[in-house]
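The values are calculated or read from the model by the stated rules, or taken from the named source; none is laboratory data. Quick caveat: nothing in here was measured; it's all calculated off a predicted structure. Ideal geometry is used to build each Cβ from the backbone, glycine not excepted, and the neighbour counts take in all protein chains shown. The area values use the complete protein model at the heavy-atom level, side chains included, leaving out ligands, DNA and RNA. Shrake-Rupley method; radii C 1.70, N 1.55, O 1.52, S 1.80 Å.
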Amino acid sequence: PLSGPVAVGAAAGPLSGSVTIASDADSSPNSITLSANGVQSKALLSPTSLAFGSVTQGAKSTDAFGSGAQTVSLVNVGTADLNISSIASSDAAFVQTNNCPAALSGGASCLITVVFAPTDVKQYAANLTLTWDSASSGTSQVAMTGTGTAPAGGGAVGLWLLASGFLTALLRRRKRVA
């Protein structure tokens, strides 16, 4: 992980410099010393969270009336290749596919598509984690949430109950006519 000020796309390693500000103040000119750690590749994920809402247990967010698949953009904001070690979800209910190469060139981007497919009736919270190993290694995460809901009543049983109720009413009516 990166810590402290970071200069992306600059030479790798410690960097320093200064800014001098001239004004009409008595203390002019004023200087500010700058220092940072230069990195040549760095991952930027956007958005940083995905909310899928409610999806029926056993269905997918891409099914009819679902919230759809959601896409995360990965951009290498540096100048050197970003060597991707892994892109993984911490919960199997969030299924990811991507078009990211093993080495993402400086300034290049790729897409990660996530589908929510709950297997239980519950609230889900997981992370999509990108791990890279380049001049500066690290991880980046996208928070993901969704709710698995119970299938709506009905189906074959509901149709049977509806049909049997209709037949019962029809038979009662027929008895009254006869």
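If you check Ala59 against the conditions, is it surrounded by fewer than 17 Cβ atoms within 10 Å (Cβ to Cβ) and in a loop (DSSP other than H, G, I, E, B)? Spelling it out, it is not the case that Ala59 is surrounded by fewer than 17 Cβ atoms within 10 Å (Cβ to Cβ) and in a loop (DSSP other than H, G, I, E, B).
Return yes or no: is Leu130 open to solvent by 70 Å² or more (accessible area, probe 1.4 Å), touching a residue at least 12 places away in the same chain (Cβ under 8 Å) and not in a loop (DSSP other than H, G, I, E, B)? Here the answer is no, as Leu130 does not meet what is asked. For Ser35, the stated conditions do not hold, so it cannot be described as closer than 17 Å to Val114 by Cβ and outside any loop (DSSP other than H, G, I, E, B). Tallying residues that are part of a loop (DSSP other than H, G, I, E, B) and either aliphatic (A, V, I, L, M) or modelled with pLDDT of 95 or more (or both) within the range 98-127 yields 11. When restricted to residues that are open to solvent by less than 30 Å² (accessible area, probe 1.4 Å) and either closer than 9 Å to Thr71 by Cα or within 12 Å of the chain's Cα centre (by Cα) (or both), the range 98-114 contains 2. Does Ala92 fit the bill of being in contact with a strand residue (DSSP E or B) (Cβ under 7 Å, 6 or more places away or on another chain), modelled with pLDDT of 95 or more and either surrounded by fewer than 17 Cβ atoms within 10 Å (Cβ to Cβ) or not in a strand (DSSP E or B) (or both)? No: the conditions fail for Ala92.
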